[in-house]
Amino acid sequence: MGGFFGITSDRDCVQDVFFGVDYHSHLGKARGGMASFDDQLGFNSEIHNIENTPFRTKFDNITERLKGRACIGCISDSDPIPILIKSKFGIYAITLVGYILNSEDIVDRYLKNNFGILQSMGGNKVNSAEIIAALIERKPTIAEGIKFAQENIEGSASILILKEDGELIAARDKYGRLPVSIGKNDNGFCVSFESFAYKKLGFKEYKELRSGEIVEMSKSRITVLDPGNDEMKICAFLWTYYGFPNATYEGVNVEMMRVQNGRIMAEQEMANGTLPDVDYVCGVPDSGTPHAMGYAFGCGKQFARPLIKYTPAWARSFIPSNQEERNKIAKMKQIPITELIDGKDLMFVDDSIVRGTQLRETVDFLYECGAKSVHIRSACPPIMYGCKYLNFSRNTSDMDLLGRRIIMELEGKKGFEYIDEYCDGTTERGKAFRKAVCEKMHFDSLEYQTLDGMIKAIGIDPSKICTYCWNGKG
């Protein structure tokens, strides 16, 4: 996923941008970067690998190296950004949040035969920000270039640019799949993925950008370069998994949504008569915890925390890219409270089940600690499609997903014609699906939140929510 943060001000703002970017660390684990502009010193930038260490440690004492009244920064799950571009528009720094699915096609169609030179990264990939910059260059203004780039991108791209006059240009992706918010204080303006990041820095909420909206901001004014549109397909996973509890998107707070989501799940199970008799309702830390709290409220069961995540060493955002190492760390960072596990019937609510590897290890670990039974509830429906718009659940193949693998084992490729039935726990296929997952994962029972229940918990117009990962409709 990733996130960005920027400020244009009448005073040095590098330290504030450092803290603002750090507040996006839950959104990515690959690289962090910052770029500043100073009237005397010009541009300066730094990019660091943060796979095995948090952003703040690599950018410690950044104010000794970067100066400026305008600065942008980002957490990236893939590309090293922001990058500096020298173009017909002058020098500027550019960063983005999103994913370009058709990057090779864009290079072949627009750039390869235009005598352009794009630097290749590892694996023959081209930096997404460099692709966008090259597309911007094809139009007479930056705003027209951004719109041209977004029209040609399959996927999504919210873009943040720092110009050599110290002004910022911010653009939300054309379908509003991710948020972009503007804040204001007495010294200038800021732009952020997460609005709570700038509120902690003394900025007040100014506006959320509309889908496709492009704005230019200086320390004293904001100019709308493109008003955007009313089409929106904001990612539902922002609420169920990715968002920090303090975050609010389209007026809906993440923590409140998760508690409500859990309550709806419990009420559905009580109505269906499938609620198991358990001693405690628990959350898989951290994002599963508020879903579990809501579930406990909804069914009157006692809430407990038998697993505590050791966050001082292993926060979610900086874990290795190697799957074996990720599995090991997932196990090591969960510290048990055996008094709440030994001899107990437990229900654990997780935010989602993607590949299932870590969750199975967690369940096996609970049994090693003496659990009598472990029931699992997923706060969202079975994931059946790898995301093609952002970086979440994007896999080499859809067959990496647990849901797809189970259907293949039960019915072969023909089963993919009945995905809706497999997701519905009241159908014969749905019951067989849940039984097969339980046997493979060592669960005593399993249920998923329904798509309607999850959308109800979010509480905005269903037509404005992307549900591609569950039903293939983006």
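In the set Leu346, Leu410, Leu401, which member is buried (at least 20 other Cβ atoms within 10 Å of the Cβ), of a type outside the set (Asp, Glu) and touching a helix residue (DSSP H, G or I) at 6+ places or on another chain (Cβ under 7 Å)?
Among Leu346, Leu410, Leu401, only Leu346 is buried (at least 20 other Cβ atoms within 10 Å of the Cβ), of a type outside the set (Asp, Glu) and touching a helix residue (DSSP H, G or I) at 6+ places or on another chain (Cβ under 7 Å).
For Ile182, indicate whether it is at pLDDT below 95, in the same structural domain as Ser218 (by TED's automatic domain parsing) and crowded, with 19+ Cβ neighbours inside 10 Å.
Spelling it out, it is not the case that Ile182 is at pLDDT below 95, in the same structural domain as Ser218 (by TED's automatic domain parsing) and crowded, with 19+ Cβ neighbours inside 10 Å.
Could you please let me know if Leu101 is surrounded by fewer than 20 Cβ atoms within 10 Å (Cβ to Cβ), within 19 Å of the chain's Cα centre (by Cα) and either modelled with pLDDT of 95 or more or farther than 25 Å from Phe43 by Cα (or both)?
yes
When only residues in region 116-142 that are assigned to a loop (DSSP other than H, G, I, E, B) and at pLDDT 95 or above count, which is nearest to Gly386 (Cα to Cα)?
Within region 116-142, the match that is nearest to Gly386 (Cα to Cα) is Lys139.
Would you call Lys163 touching a residue at least 60 places away in the same chain (Cβ under 8 Å), assigned by TED's automatic domain parsing to the domain that holds Asp77 and not β-branched (Val, Ile, Thr)?
Considered against the rule, which asks whether it is touching a residue at least 60 places away in the same chain (Cβ under 8 Å), assigned by TED's automatic domain parsing to the domain that holds Asp77 and not β-branched (Val, Ile, Thr), Lys163 comes out as yes.
Has region 447-468 got any residue that is over 27 Å from the mean Cα position of the chain (by Cα), on the phi < 0 side of the Ramachandran plot and hydroxyl-bearing (Ser, Thr, Tyr)?
No, that holds for no residue.
Got a sec? Which helices (runs of 4 or more DSSP H) wholly within region 5-111 have at least 1 residues that are of a type in the set (A, V, I, L, M)?
So the answer is 14-22, 103-106.
I need the full set of residues from region 5-33 which are under 23 Å from the mean Cα position of the chain (by Cα), under 20 Å from Lys219 (Cβ atoms) and either polar (S, T, N, Q) or crowded, with 21+ Cβ neighbours inside 10 Å (or both), in order please.
Passing the criteria: Phe5, Gly6, Ile7, Asp16, Val17, Phe18, Gly20, Val21.
Could you tell me whether any residue of region 207-229 is assigned to a strand (DSSP E or B), under 21 Å from Arg69 (Cα atoms) and within 18 Å of the chain's Cα centre (by Cα)?
Checking region 207-229: not a single residue is assigned to a strand (DSSP E or B), under 21 Å from Arg69 (Cα atoms) and within 18 Å of the chain's Cα centre (by Cα).
Does Ile455 meet the test of being closer than 21 Å to Asp398 by Cβ, β-branched (Val, Ile, Thr) and either surrounded by 15 or more Cβ atoms within 10 Å (Cβ to Cβ) or not assigned by TED's automatic domain parsing to the domain that holds Pro276 (or both)?
In short, no.
I'd like to know if region 143-152 contains one or more residues that are surrounded by fewer than 21 Cβ atoms within 10 Å (Cβ to Cβ), at pLDDT 95 or above and among the aliphatic types (A, V, I, L, M).
Yes; the residues of region 143-152 include at least one that is surrounded by fewer than 21 Cβ atoms within 10 Å (Cβ to Cβ), at pLDDT 95 or above and among the aliphatic types (A, V, I, L, M).
What are the residues in region 77-110 that are more than 18 Å from Ala35 (Cα to Cα) and not basic (Lys, Arg), if any?
Selection gives Gly98, Tyr99, Ile100, Leu101, Asn102, Ser103, Glu104, Asp105, Ile106, Val107, Asp108, Tyr110.
Which one is modelled with the highest pLDDT, of the residues in region 70-98 that are crowded, with 19+ Cβ neighbours inside 10 Å and in contact with a Lys or Arg (Cβ under 6 Å, 6 or more places away or on another chain)?
Tyr92
Out of all the residues in region 441-462, is one or more in contact (Cβ under 8 Å) with a residue 40 or more places away in the chain, closer than 30 Å to Glu250 by Cα and acidic (Asp, Glu)?
Checking region 441-462: at least one residue is in contact (Cβ under 8 Å) with a residue 40 or more places away in the chain, closer than 30 Å to Glu250 by Cα and acidic (Asp, Glu).
Would you be able to tell me the number of residues in region 439-459 that are acidic (Asp, Glu) and closer than 17 Å to Leu238 by Cα?
1
Any idea which residue in region 433-445 is surrounded by the fewest Cβ atoms within 10 Å (Cβ to Cβ), counting only those that are touching a helix residue (DSSP H, G or I) at 6+ places or on another chain (Cβ under 9 Å) and closer than 16 Å to Lys372 by Cα?
Residue satisfying both the conditions and the ranking: His442.
Can His442 be described as at pLDDT 95 or above and at positive phi?
So His442 passes the test.
What is the number of the single condition among (1) in a strand (DSSP E or B); (2) in contact with a Cys (Cβ under 7 Å, 6 or more places away or on another chain); (3) touching a residue at least 40 places away in the same chain (Cβ under 8 Å) that Arg177 does not meet?
(1)
The values are calculated or read from the model by the stated rules, or taken from the named source; none is laboratory data. As the structure is a computational prediction, the values presented were derived from the model and not from experiment. Positions of Cβ are backbone-derived with ideal geometry, glycine not excepted, and every protein chain shown enters the neighbour counts.
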